[in-house]
Structures are given as structure tokens and as C-alpha cells.
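K.L.:
This is the structure, below, for whatever I ask next.
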Amino acid sequence: MLNAEIAAVTDRIIERSKSGRAAYLALIERERDGGARRPTLGCANLAHGYAGTEEDRDTMKAGRAMNIGIITAYNDMLSAHATYYRYPEQIKLWAREAGATAQVAGGVPAMCDGVTQGYAGMELSLFSRDTIALSTAIALSHGMFEGAALLGICDKIVPGLLMGALRFGHMPMILIPGGPMRSGISNKEKARTRELYAEGKATRDELLDSEIAAYHSKGTCTFYGTANSNQMMMEMMGLHMPGAAFINPGTKLRQELTRAAVHRIAQIGWDGDDYRPLGRCIDEKAIVNAAIGLLATGGSTNHLIHLPAIAACAGIIIDWDDFDRLSRVVPLVARVYPNGSADVNQFEDAGGLGYVIRELLSEGLLHRDLMTVAGDDLSAYAVRAVLEQDTLAWRDPGASGDDTILKPAAAPFAAEGGFRILSGNLGRACIKVSAVERDRWTIEAPARVFDDQAAVQAAFKAGELDRDVVVVVRFQGPRANGMPELHKLTPPLGVLQNRGFRVALVTDGRMSGASGKVPCAIHVSPEALGDGPLSKVRDGDVVRVCAVTGQLEALVDAGGWAARTPVPAPPAATGTGRELFSLFRLRANTAEQGGSALLAVMGA
């Protein structure tokens, strides 16, 4: 039986979303029946669409086979997306095996937060998600396709693909991952070198060699950040082939999972008897399952922005209170770096997502009755994908292969999930506590206020932060500068904590799945720009960050606080293309609503 609180939260979401969901379902029904479709296109239109593909032209012309649109995030500057180089050629072959055809409908940008961390390009990162959604819509707008294969993995790419694809939710679609790179040096060793460099005890060459040893080949980064949390959510929502998330690139098993996905798209089209449109697969229960997966595995805090944005594009409203309530009843069953020492390859070897899903289902902690791309029961995902005599098969994951990485839901690492919502006179914020020692869930210390992370690093190097301190970094929200990740702060804050100081971070920016052992109140809403509460904080104000009581407070007399004049925002930066995104910043909604200009314009 489903846990009563999960049922109550789901019912709350369904009731809150009733009108929006009804309007969305009406939209996709209308698009299926009367939207742009191949049978309705004129001959000249079709000729343009067929001109680029001679081998499949006769099949397309006959009009009896599904044509699958491939949306690809390929580029060879990102290790995760470099894996997609040959996928379109392979997908076309496998589509023919299933009596279908396939064309590359379009490409979407795929930028890397790992490359842009701490630099100007990072201010384009969040809004690249809206750009990806727009690019996906453009690719699918031609009316040439009856299904789609979505090739994307990393931070903004999967949410952006879904946001755009959901506007074509009458079509069946499957997300096809490329898999994580094989393990390099340990995450513990990598983190130690970063901290040594922050202290001036390691050279730049030593740091670069360490980083290259960690990020060394094609595939997704192996730590459990936003990219790998994306893959987890897609399995929890039933949008992958079962067991596809964490199989390494370049393996026979990876290839067979991709082949099976292409065949499956051809089987679930609207002309058959197993129609599974994306807009029906992503419903309120699927969204709740994705949130539960984040909590049970200690996933990325970025998804407290992305999941509401994805949901809104399907007419569903989920807010941070829903995450907070779910976190009280969902146990932490996985420890993967930065919430443990293992990487995602070791997680997969220990049982992976099949184990997690089976355990959560056994305790009534997931919705079982979902329309997934594989069937109508989520237990189809409580498996591991294997090869048996070169043939793809799915088997029970068995017992945990390593109880330092995976534990049963009945005997978890922690009885509650890894997120909390904080509120107070500084606004609302998220905090990820799955890797934070319990004695640091409450930090009360004088504030030191900054307007960018470079200033924090400079103060750290000057020894100005060698004390108990709450570091406040403001004007980092969606409207101020595109809400960059502040991951460069992790090493210096970690060093301060290692020195015995009680340290916390408060910011309207992001920290991503790399949030670790230092308590970080992030995504503060309303943001500082526009006279938000963070614009009133002064150096020396005592700030209380408490994940136990849910407090985010400047301990300042209420009258004096109300009388304070907010400080003005620094001028908007230009260069690196940031000025091109000024419209996105101007129209973005709050982090809790998804941090999206598109959603604000749509009224979602």
C-alpha cells in the first residue's frame, strides 16, 4: 500500500493542478487530432522534408511507417555528449529493423557547468535550459514525426528537452542516455587536492593532473550531481528503457539498450494498440516519483528548480513544501559522492536504480501504477539490464552488493530524505543535508556579505573568514545574473569547516548536486534583486541557518529590519554573450517556480 503522506502530497498536487492539467491534456489531444502532421502537409512541404534522406525516402513517401525525430545534444567538447556522435546513424538502422524511419530533427545546445564554473559563461547556464526547450520545439514543429528519441544527459539538457517535448506531448518519446565514464581517481582524492590547492598547498599543475585523472574520457562525470540525478529521475518516471541510466559508453549492453529504445518507440505510436504519449507518461504520480527518487538517493538540489519547471510544462504544479513533506517520510537508501565515497559506477555495481526502485516499491514509497514507456507497472524498472549470450535481458538486482552504498528501505542510512526547506525573514530556501553532519544542521554566526563568489575567494585567501561565519552571497538569482552555480566556493568553505569553524552559506544562487558537507541555504527566494530580503543583510548581522527547525533568520530587531534600506544591485555584466540573455533575466520567475522566462510568459 502507498504511504499515506505520499498519497496526501500527490492528492494535493492533483487538486492544485486540476485546471492546468486539464488544459494541457486538451492541448495534446487537439495537437494529435489537428496539429501539424505528415498526412496534412502539402506535397512541396513533404518534398523538402524528404530531400535530405534518399535511403528512406520511398518508405516515408508510402506514409505507413513511423518517422522518429532525433533531437540530439551531441558535441565533442562535453564528455557526456561526445558519446552521441554515431547515435543518429545507429538509430536509423535500428528504426528500419522495426519497420520505421528516423531523421535528425534538430540539435540543441549543451553547455557544461563543469567548464564554466566560476566564469562569465556560467551566467548563461540556467537559461540554456529555456534555449534547449525552444530548440526542441523548433525541431519538432515541422510536423514530420510520429515519435521522438531525445538524446541528452547533463544538467540543463534533460529538463530543457522535456520542457520543449511536452508541448508535443501527443507523441511517444524515450530519453536515451549515453552512460557514465569509467571511474578515475577517487572522489575523496579529487576533493582533497582541491582543498589543498585552495590552501596554497598544491600547485596548479598538480590540481590539473588530479582533475584530468577524474574527468578522463567520454561519458557522464561519475559523481552524483545534476547530470546523474537526471538519469535517476528518468528511470523513476519510466522514460528510459529499464536499467539504462548508468551503463558505460562503448559497451555491447549500452548499444543494446539504445537499440531496444528505438524499437520501443516504434511500438508505442498512436497508430498501434499500445499508445504511450509523453504527455500522459508525465503525470502527477510520475512527478512525485521523481521527487521521491531525489530524496531517497540524495540527488541534486538543482532539481528543486528543474522538476517544478518540467511539471509546469505538463500543467502540473509542485512546490518546495511538497518536497519538504515528502522528505519527512522518504528514507535515504543510497550514499553516492558527495553524500558518500562511492561513484555512480560503484553504485550501479552494488545494485543501482533497480535496487532502489524495488526497495521503495516494497515499502509503499513509490507510485507503482504509472504509464511508462515500458508498461503500466513501475516494477518493470526494479531490475538490472544484463546481456545473456549477447541478448538484452532484465533480472532482479538481488541483495545490495555493498551496504556502504545501498541499504534496504526498511533499514536505511537515514529515516528521512536529504532535503529541507527553510524560511524566515531572509525568505525561503533549500538545504541539502544528506552529507552534512547532524551537529552542523544548525549554524548561528555573524554574516559576511558578498555580491559575487570571486570576492569570497579573495577574502578567504586574505584570512578574513577564519572564524565562525555565515557567508552571504547575493544578487545571484535568475533575474540578477542568471543564477550561476557557486561550486567554486565548496573548497574554501570546506577548508574553513575542517579548521574547526562553524560555517554556512546563504545565497540566492545555486550549488548543484556538488553540495556537500557544508550547510548551504540556497535558491533563496525572493532573490536579492528587486529589494529581496538578502539585500538588507549587513556584515556582522547574526544569521541563523537551522535545518532542524526550518529557520533562515537574520537575528535583527523586527523594527530595525523593516526600516533598513535595501542595497542596490550591481550593474548587469556584459560580455560572453550575457547581454543576449537580458530578456530571459527580465522575465524569469522565481527559483521555486522553476527560474524560467518561458514559464513566466506562458503563465505556467
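K.L.:
Using Cα pairs closer than 8 Å and at least 6 residues apart in sequence, work out the relative contact order for the range 487-526, in percent.
P.N.:
41 percent
K.L.:
Roughly how many percent of the accessible protein surface of the range 468-591 is carbon and sulfur, given a 1.4 Å probe and a whole-percent answer?
P.N.:
Solvent-exposed carbon and sulfur of the range 468-591 make up 58 percent of the total.
K.L.:
If you don't mind, another one. Give the distance, in whole Å, between the Cα centre of the range 459-474 and the Cα centre of the range 496-559.
P.N.:
Distance between centres, Cα-based: 13 Å.
K.L.:
Taking amide H positions as placed 1.01 Å from N in the peptide plane, with prolines and chain starts having none, which residues 5 or more places from SER17, or on another chain, fall under 5 Å of its amide H?
P.N.:
ILE317
K.L.:
Could you derive backbone 3J(HN,Hα) for the range 425-433 from the dihedral phi with the Karplus parameters 6.51, -1.76 and 1.60 (θ = phi - 60°), listing whole Hz in sequence and x where the residue is Gly or Pro?
P.N.:
For the range 425-433, the Karplus curve yields 6, 9, x, 10, 8, 9, 9, 9, 10 Hz.
K.L.:
Nearest 10 degrees is fine. How inclined is helix 18-34 to the longest principal axis of the chain, computing both from alpha carbons?
P.N.:
Once rounded, one gets 30 degrees.
K.L.:
Same structure, new question: Regarding the range 121-231, what is the average projected area of its C-alpha convex hull, in nm²?
P.N.:
8.3 nm²
K.L.:
Expressed as a whole percentage, what fraction of the accessible surface of the range 57-137 belongs to carbon and sulfur atoms when a 1.4 Å probe is rolled over the protein heavy atoms?
P.N.:
Of the solvent-accessible surface of the range 57-137, carbon and sulfur hold 53 percent.
K.L.:
Next question, about the same structure. HN-Hα J couplings of the range 283-290 from phi, Karplus 6.51/-1.76/1.60, θ = phi - 60°, integer Hz, Gly and Pro as x?
P.N.:
My calculation for the range 283-290 gives 10, 4, 5, 5, 4, 5, 4, 4 Hz in order.
K.L.:
Using only alpha carbon pairs under 8 Å that are at least six residues apart, calculate the relative contact order of the chain and give it in whole percent.
P.N.:
15 percent
K.L.:
What are the residues whose amide H is under 5 Å from the amide H of VAL108, where those residues sit 5 or more places off or on another chain and H is modelled from the backbone?
P.N.:
THR72, ALA73, TYR74
K.L.:
How big is the convex hull of the Cα atoms of the range 1-111, per residue, in Å³?
P.N.:
213 Å³
K.L.:
Put a dot 7 Å past each Cα toward the Cβ at SER362 and HIS216; how far apart are the dots in nm?
P.N.:
In this crude label model, HIS216 to SER362 measures out at 3.5 nm.
K.L.:
How large is the accessible surface per residue of the range 272-412, computed with a 1.4 Å probe and reported in Å² as a whole number?
P.N.:
Dividing the accessible area of the range 272-412 by its residue count gives 30 Å².
K.L.:
Pairs of Cα atoms under 8 Å, at least six residues apart: use those to get the relative contact order of the range 300-405, whole percent.
P.N.:
Here the relative contact order equals 23 percent.
K.L.:
Residue by residue, what Karplus-based ³J(HN,Hα) values in Hz, rounded to whole numbers, does the range 517-534 have, using 6.51, -1.76 and 1.60 with θ = phi - 60° and x for Gly and Pro?
P.N.:
7, 8, x, 10, 8, 10, 6, 4, 10, x, 5, 5, 4, x, 6, x, x, 4
K.L.:
For an R0 of 45 angstrom, estimate the FRET efficiency from the Cβ-Cβ distance between ASP369 and ALA62 and round to the nearest 0.05.
P.N.:
The calculated FRET efficiency here is 0.75.
K.L.:
Which value results when the Cα radius of gyration for the chain is divided by 2.2 N^0.38 Å?
P.N.:
0.94
K.L.:
Using +1 on the beta carbon of Lys and Arg, -1 on that of Asp and Glu, and nothing else charged, what's the dipole of the range 472-515 about the Cα centre, debye to 20?
P.N.:
That gives the range 472-515 a dipole magnitude of about 100 debye.
K.L.:
Excluding residues on the same chain fewer than 8 positions from LYS92, give the lysines whose Cα lies under 29 Å from its Cα.
P.N.:
Here the lysines satisfying the reach criterion relative to LYS92 are LYS61, LYS156, LYS218, LYS252.
K.L.:
How do the peptides 194-207, 273-286, 484-497 rank, highest first, by the average count of neighbouring beta carbon atoms within 10 Å per residue?
P.N.:
484-497, 273-286, 194-207
K.L.:
Excluding ligands, DNA and RNA, what is the solvent-accessible area per residue of the range 104-239 at a probe of 1.4 Å, expressed in Å²?
P.N.:
32 Å²
K.L.:
Which three numbers, in whole Å and largest first, are the semi-axes of the equivalent ellipsoid of the range 153-291 derived from its Cα gyration tensor as √(5λ)?
P.N.:
Ellipsoid half-lengths, sorted descending, are 37, 16, 11 Å.
K.L.:
Moving on. Could you tell me what fraction of 2.2 N^0.38 Å the Cα radius of gyration of the range 73-173 comes to, as a two-decimal ratio?
P.N.:
1.13
K.L.:
So how tilted is helix 187-198 from the main axis of the chain? Cα-based, degrees 0 to 90, rounded to 10.
P.N.:
40 degrees
K.L.:
Moving on. For the range 270-363, what percent of Cα pairs sit more than 16 Å apart?
P.N.:
Looking at the range 270-363, the distances longer than 16 Å represent 61 percent of pairs.
K.L.:
Return the long-range amide H neighbours of SER300 (sequence gap of 5 or more, or a different chain), with a cut-off of under 5 Å between placed amide H atoms.
P.N.:
Answer set, sorted by chain and number: SER229.
K.L.:
For the range 422-485, with every protein chain kept in place, what is the accessible area per residue (1.4 Å probe, Å²)?
P.N.:
Here the residues of the range 422-485 average 34 Å² of exposed surface.
K.L.:
Please give the residues of the range 432-452, grouped as numeric ranges, whose backbone N is less than 15 Å from a label point set 7 Å along the Cα-to-Cβ vector of ARG499.
P.N.:
Label zone hits: 448.
K.L.:
Which lysines does LYS432 reach when only Cα atoms under 18 Å apart count, and residues fewer than 8 places away in its own chain are ignored?
P.N.:
Excluding near neighbours in sequence, the set is LYS488, LYS517.
K.L.:
Does the range 488-576 come out rounded, prolate or oblate, given a ≥ b ≥ c as the square roots of the eigenvalues of its C-alpha gyration tensor, rounded meaning a/c under 1.5 and, failing that, prolate meaning a/b above b/c?
P.N.:
oblate
K.L.:
If ligands, DNA and RNA are left out, what is the accessible area of SER379 with a 1.4 Å probe, given in Å² to the nearest 10?
P.N.:
50 Å²
The values are calculated or read from the model by the stated rules, or taken from the named source; none is laboratory data. Everything numeric in this text was worked out from a predicted model, so none of it was measured. With ideal geometry, Cβ positions are generated from the backbone for all residues, glycine too; neighbour counts draw on all protein chains shown. All accessible areas refer to the heavy atoms of the entire protein, side chains included, with ligands and DNA or RNA removed. Shrake-Rupley method; radii C 1.70, N 1.55, O 1.52, S 1.80 Å.
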